[in-house]
Amino acid sequence: MKDSDDDIHAYEETLQMIDAHPTMNAFFIATSGGAHGVCQALVKRKRADDITVVTFDIIPAIQRAMQRGIINAAIYQHPRRQGQVAMQLAYDRIISGIPPTRNEYIMQNEIRILENL
């Protein structure tokens, strides 16, 4: 399913998917945009309790869904730290002429559940 980071589209597509696959027991939301729509569809079809849901990021809609027990886990990607590193690298290169010291800057992801939000 492609939700285009749009809650309404995600809602409609999720309803169709749930109806087409009634034995589905897990759902992965590959983007934080549209997560609210997915959750609303799960609630509407009364499947929020029996489908395990994993997503990315901890935006307010995802945090609320976790608190309501709809989303079980989120892969946290440290967006603030990613932005800080990128801006520091750009500043160092453009302003100070300091090139990056390596080709990749990899952040360690974390799995967040309700207890460690």
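What follows draws every value from the coordinates through simple rules; no lab data is involved. Every value quoted in this text rests on a predicted model; they were computed, and no experiment measured them. Please note: Cβ atoms are built from the backbone with ideal geometry, for glycine as well, and neighbour counts cover all protein chains shown.
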Residues being free of Cβ contacts under 8 Å to residues at least 24 places away in the same chain and not in a loop (DSSP other than H, G, I, E, B): count how many of those fall in segment 101-115.
1
Selection from segment 41-60 of residues that are surrounded by fewer than 19 Cβ atoms within 10 Å (Cβ to Cβ) and out of contact with any strand residue (DSSP E or B) (no Cβ under 8 Å at 6 or more places or on another chain)
VAL43, LYS44, ARG45, LYS46, ARG47, ALA48, ASP49, ASP50, ILE59, PRO60
Residues being loosely packed, with under 10 Cβ neighbours inside 10 Å and closer than 20 Å to ILE59 by Cα - total across segment 71-117:
4
